[in-house]
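This report concerns only the one structure given below.
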Amino acid sequence: MASKTPGSDIWELALRSHQLWESLAENLHNQGLNPQEVLGWKKTGSLLFGKTVEESALLERRVEQLSEAGVEAKFLSSHELLSEEPALFVDKESGAALLPNDCQLDAHRTVAYIEEGNRQFVSQGRYAEFYHDPVISLLRSGKNGEVEAVLTSKSTFYCKKAVVVAAGCWTGSLMRELDIGVHVPIKPRKGHLLVLENFDQIRLNHGLMEVGYVSHQQIKQHSAAGLCNDEEMLSISMTATTDTMGNLVLGSSRQFVGFSTEADASIIDSIWKRVQEFFPKLREMNLVEIGKDRKVRIGLRPYMPDGKPVIGTVPGLSNVFLASGHEGSGLSLALGTAEMVADMVMGNQGKVDFAPFAVEGRVADG
């Protein structure tokens, strides 16, 4: 919740998702399972960190705002901050917003757990998985024009209730390929994370983010000709956490370079240099020394120009739903989004207002 703003369109969805994640972890515990082992779940809390007087003042106001919205938050002075995170470079102007109830989880382990649970319904004919079988088109009824089936390269799947398009950053291109007359402006925003495996040089007690992570400070990349290409605008902000496996996970970058998932050594170097500004111990090291214990994670975030996901029915197709465009908040908003889509499909009143995420008015005919 540290990077979410009270009163924003996604605030209630973020709160609801946080509640659902905590409920899932609690249910696992009640079943005698360890949420940390199953999900990589850990209540570490988050620290949003500022280096200047101006940033610290901004964080004090943010703590007041979060507290008024019912989220536990505390402003830490430089002395208190150093006590919480001894590895962090702190001077007298530093300050931080602490959200003690923020949590971390491991996406891969969480997906594996959910898939395993879903597979229990295979024998009842309620669940199936299909890989390497791309969607080719949606088949529409000749009577009312509603979608009645999904055609893939190998099969035809008939729907009794609804079709949900949750294709991440591929949602926009998929909708164009399906030629249903709706342009969804979702596009990929590439990100790099640097992972130092079994790293014991520093240990972090919280998930850390610099203030710039919230606004993604812009660093202009210049082409060989020396001209700025807005499409390749690069954002580098310090994020750092020690995960439940003992890995130091460092980030992060954001840029528009299409669907490329190639690692960019210059960006990894920029992330490392940015992180070194915050952790003196890391200034004594270089990435070459770390060698084989260094891994790079690359992903494509589904970016919507207005900064919020699109969740709802496609105009003109009452049984086709979109759920995409969460960009970097997909994991934290996942359960609230799933609940919202289920409520829409079943005609239930939502726990969260649907209106801010409606498709209508945010996509174009095309």
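If the chain between PHE256 and HIS29 were fully stretched, how many nm would it gain, using 0.36 nm times the residue separation less the Cα-Cα distance? The partial results should precede the final answer.
Numbers: separation 227, 0.36 × 227 = 81.72 nm, distance 4.06 nm.
So the chain would gain 77.7 nm between PHE256 and HIS29.
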Formal net charge of residues neighbouring ASN205 (Cβ-Cβ distance under 14 Å; K, R +1; D, E -1) = -2
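Using +1 on the beta carbon of Lys and Arg, -1 on that of Asp and Glu, and nothing else charged, what's the dipole of the chain about the Cα centre, debye to 20?
Values: 36 positive and 47 negative charges, 140 e Å.
Value, rounded to 20: 680 debye.
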What does the charge count near ALA14 come to, summing +1 for each Lys or Arg and -1 for each Asp or Glu among other residues with Cβ under 14 Å from its Cβ?
-> -3
The stretch 255-359 - percent of accessible surface contributed by carbon and sulfur, probe 1.4 Å | 53
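Please state the charge dipole magnitude for the stretch 1-61, taken about the Cα centre, from unit charges on C-beta atoms (+1 on K and R, -1 on D and E), reported in debye and rounded to the nearest 20. Write down the numbers at each step before the final one.
Details: 6 positive and 8 negative charges, 18 e Å.
Using only the charged Cβ atoms, the result is roughly 80 debye.
Over the chain, average the accessible area per residue using a 1.4 Å probe and give it in Å², no decimals. It would help to have the intermediate numbers written out before the result.
Working: 18770 Å² over 366 residues.
With all protein chains present, the chain gives 51 Å² per residue.
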Nearest 10, in degrees from 0 to 90: the angle of helix 330-346 to the longest Cα principal axis of the chain is 20
How much length, in nm to one decimal, is gained on full extension between SER83 and SER153, taken as 0.36 nm per residue of separation minus their Cα-Cα distance?
-> 19.4 nm
Using a 1.4 Å probe on the protein chains only, how many percent of the accessible area of the stretch 1-129 belongs to carbon and sulfur?
-> 48
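By how many nm would the segment from LEU287 to SER141 lengthen if fully extended, with 0.36 nm per residue of separation less the alpha-carbon distance? Walk me through the numbers on the way to the answer.
Values: separation 146, 0.36 × 146 = 52.56 nm, distance 5.79 nm.
Full extension of this stretch gives 46.8 nm more.
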Out of the DSSP beta bridges found with both residues in the chain, what percent are antiparallel (nearest 5)?
-> 85
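Go ahead and run the numbers for FRET between LYS273 and ARG203, Cβ-Cβ distance against an R0 of 25 Å, rounding to 0.05. It would help to have the intermediate numbers written out before the result.
On the way: r = 22 Å, r/R0 = 0.86.
So the FRET efficiency works out to roughly 0.70.
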Over the chain: helical MRE at 222 nm, DSSP H runs n ≥ 4 each giving -39500 (n - 2.57), nearest 500 | -8500 deg cm²/dmol
Positive dipole terminus of the stretch 21-168, leading residue within PHE75, GLY32, ALA57 (C-beta point charges) = GLY32
Calculate the spin-label point distance for ARG297 paired with SER67, positioning each point 7 Å from the Cα along the beta-carbon direction, and give it in nanometres.
-> 3.3
All lysines inside 18 Å of LYS161 as judged from Cα atoms, apart from same-chain residues fewer than 8 positions distant = LYS143
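The values are calculated or read from the model by the stated rules, or taken from the named source; none is laboratory data. Owing to the predicted nature of the structure, the values given are computational and were not obtained by experimental measurement. As a convention, Cβ positions derive from the backbone with ideal geometry for all residues, glycine included, and neighbour counts pool all protein chains shown. To get the accessible areas, we keep the full protein, side chains included, count just its heavy atoms, and leave off ligands, DNA and RNA. Shrake-Rupley method; radii C 1.70, N 1.55, O 1.52, S 1.80 Å.
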